[in-house]
Every structure is written in C-alpha cells, then in structure tokens.
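To start, the structure under review is shown below, and the notes come after it.
Every number here is computed from the coordinates shown, using simple stated rules; none is lab data. Note that the coordinates shown come from a computational prediction; the quantities given were computed from them, not determined experimentally. Cβ placement follows ideal geometry from the backbone for every residue including glycine, while neighbour counts extend to all protein chains displayed.
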Amino acid sequence: MKYLTPGPIQLPREVLNYINNQPYFHRSNEFKEIFSSVIEKMEKIIGEEVLIFPGTGTFSIDTMVYNYVNPNEDVLLIDIGEFSKRLGESLISRNARLHIIKSEIGDVVAPDIVEDYSKKINDLKAIAMVHNETSLGVANRYVEKIQDIASSLNAILLVDSVSGIPAEKIGKKIDVIATASHKAFMSIPGASIIFYNIKPRNLDKIPPSMNLNKFIDMKKNLETPYTPPINVIMGLDYSTNYILKIGVDNYAKMHREKTDYLKNLVKLKPVAKEEFSSNTVSAFYTNNAKTIIEDLRRKGYTIASGMGNLAKNIIRIGVMGDVNFDDIKNIAEVINYYD
C-alpha cells in the first residue's frame, strides 16, 4: 500500500532505516549530538528558533495556544476550514474571547478585511490562522502580510502550519508557528514542533508537559525536561539533511511540480482557488468519494476523504514524501473513471 495522504505520509526507505534503531538514552552524549544536529538544521530551514517535544500536530497547536494566549484575552481567528475550527476550539478551551472572520470554501480572507476587523477589537492580543488548510488543500499565502498587521497592532500572530512548512514556504519571521514531524518534515508521527520568534507570554498556569519555558531553558544544554520522541528525531536527522541538500526553495518547488501535475491530470474540480492551491495537499469535488477511495485501495493506493460537512463530497490527495509522477498518474487514471 502506498500513501498519498495528507499525513502521515509515505516515508522514503532511508528515513525508515534511520528510525529503525535502538533509541538513545536521552541524557547521553549520543542523543545530544543528534539533537543538536536536528535543531541546527531545522532552524536553518525555517529561520527561527525551534522546540521539539512529544506529540502530534494537535498537541503542537494546543501548546502554542496555552503558551501565548491567556484566559479572557481577545483573539481574532481567521477561519478557512476544518483545521481552522480546531484552532478555534483550542482557543475556546483556553477561555479566550474569540472573534471570527470566515472565508468562502476554497478561498482565504483578504488582508485588508483582516486589518479592518482587527482594528475594531479594542484590546486585540493575538491573530490566529491556519497557513495550510489540510481539509481543503488551501494555502493562505497572505501569512506574511497578516504578520505585519498583527505587529502594527501590538498583537502576536499564531500560525498552524502542520501540513505546510517547509514545502509551503513562509518568507519572513513569524511570531509563532506550530507544526509536526509527520508531514512535510518527512518523519514518523510523534513530535510536536514549534518555531518561535518571541518567547511565551503565558501568565496563567499550564500543564508541565506544555510549558515551553521549561523546554527553552533545557535546550541551552541540549536536553529536554521530559523524554523526547527520540526515534522521530532520528528520522528528522535524515530528512533535514535531505531538505538542505536539495535546498529549501527546490524542496517547495518539487512539491509544487507534483501538485501541478496532479491537477493537470485529474478532471475533477479542485476545491481551492488556483492562487491558493496548496503545494502539499489537493482536494477535489466528487459525488463518488467512497467508491474512488475503495477502488484505489484495491490498486494499492490510499488517499483521504473530506472532513466535516464535505466528508462525502471531496477527496484529498497528498504529494509529500516518497510520491513520484508515476504514482500520481496511476491514481489520476482511477479517479478520472468517475464523474
């Protein structure tokens, strides 16, 4: 079975070989050496400081929210899909006062609308957004402009880029970005990842496992406060080597080329507007989602159904990891048999 899914992704054999080793003791020099290597490379790829801790994308989002938003603070959420709603759920659990602006399906909210709405909120503390909306294959490429808006209002920008970076690039420093190991960073599930340009600003108590200040303090000595996802980090050691070897721009271009090839072959209507079509995940409308997915599984391929209200009406296809043009051609031939 080969996985063209939004994540976990089809991993290259070399990554699996790296992972398939005895975990190091996390207080040993052996672990510190590989941990240092991964941190250095990830910070070079994104251009911000990084923290790595046990979890997945959802825990990364929750941790970001709890470290940068305090109860009863005003936060603006830009809603462009199901994972935007999940980000909103996290903010509600933190007892934030949530303000929401919503886009049409497949679209994003224009920066001038974000700015106008933001200015109407008297004491705005944060803007929260999804960079790459996995549920619809939509990339919000206004993220840099929205960072400028947040900064101009003395607010911080919180970004979910779980299925985005580094294949969907961000070209400037962002206050906080939450992501995970098992998508475009090309390792197995198990690591939450946060890139930050400003330190946590939580004033309220949070669970120890979420307290990023503990991780920041111990990172100075190449240690973590609790057992880290050691074998995930071993996989990241290989994948970050690979990304830097081909170059971050070329890595993003490679994903764009595969996505363009997929969209040129598949006859179904894409969900995302062309200018916001994600590099990593594509979504298409169909009346035969279940049948297409079952037929592809019989032929050795797994793709994903839709989410939320569109669960039965779209299919989602990821091109991250060990996915080649022949794979894309094979699945397109099956998909094009239907409507």
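Springs between Cα atoms under 10 Å define the GNM used for the chain, and in it the highest mean-square fluctuation of Asp295, Asp116, Asp148 occurs at Asp116. Karplus-derived 3J(HN,Hα) values for segment 82-91, using 6.51 cos²θ - 1.76 cosθ + 1.60 with θ = phi - 60°, are 5, 6, 5, 4, 5, 4, x, 4, 5, 5 Hz; glycine and proline are entered as x. For segment 198-224, the residues whose backbone nitrogen is under 11 Å from a point 7 Å from the Cα of Glu43, taken along Cα to Cβ, are 219-222.
The Cβ shell under 15 Å around Tyr24 holds other residues with a net charge of -2, Lys and Arg each +1, Asp and Glu each -1. For segment 1-62, the list of trypsin sites (Lys or Arg not before Pro) that fall in a loop by DSSP and count at most 15 other C-beta atoms within 10 angstrom reads Arg27.
Stokes-Einstein diffusion coefficient for segment 178-244 at 4 °C in a medium of 1.567 mPa s, Rh from the Kirkwood formula over Cα pairs: what value in µm²/s? Calculated translational D: 97 µm²/s. Per residue, the convex hull around the alpha carbon atoms of segment 152-311 comes to 192 Å³.
Kirkwood-based Rg over Rh for segment 264-339 (C-alpha set), two decimals?
Ratio value, two decimals: 0.92.
Once the convex hull of all Cα atoms in segment 1-147 is built, its volume per residue stands at 150 Å³.
The base-10 log of I(q)/I(0) for segment 201-292, evaluated at q = 0.10, 0.18, 0.26 Å⁻¹, reads -0.56, -0.91, -1.27 [Debye formula, identical scatterers on Cα atoms, solvent excluded]. Net length available on complete extension from Glu333 to Lys119 is 72.1 nm, with 0.36 nm assigned per residue and the Cα-Cα distance removed. Applying both filters, DSSP loop and at most 16 other Cβ atoms within 10 Å, to the trypsin sites (Lys or Arg not before Pro) of segment 126-174 gives Lys172, Lys173.
Segment 149-195 to segment 323-339: how many Å between their Cα centroids? For segment 149-195 versus segment 323-339, the Cα centre distance is 30 Å. Per residue of the chain, the DSSP helices (runs of n ≥ 4 H) give a summed -39500 (n - 2.57) that works out to -12000 deg cm²/dmol at 222 nm.
When the gyration tensor of the chain is built from Cα positions, what are the square roots of 5 times its three eigenvalues, in whole Å, from largest to smallest? Don't skip to the end; give the middle numbers.
Details: eigenvalues 188, 147, 52 Å².
So the three semi-axes of the chain are 31, 27, 16 Å.
Please report the base-10 log of the normalised intensity I(q)/I(0) for segment 74-177, using a Debye sum with one equal scatterer per alpha carbon and no solvent, at each q in 0.09, 0.12 (1/Å). Once normalised to I(0) and log-transformed, intensities are -0.18, -0.33. Where Rh is the Kirkwood radius over the Cα pairs of segment 87-246, the temperature 37 °C and the viscosity 0.692 mPa s, what D in µm²/s does Stokes-Einstein return? For the chosen part, D equals 190 µm²/s. Working from Cα pairs under 8 Å separated by at least six residues, relative contact order for segment 1-144 is 21 percent.
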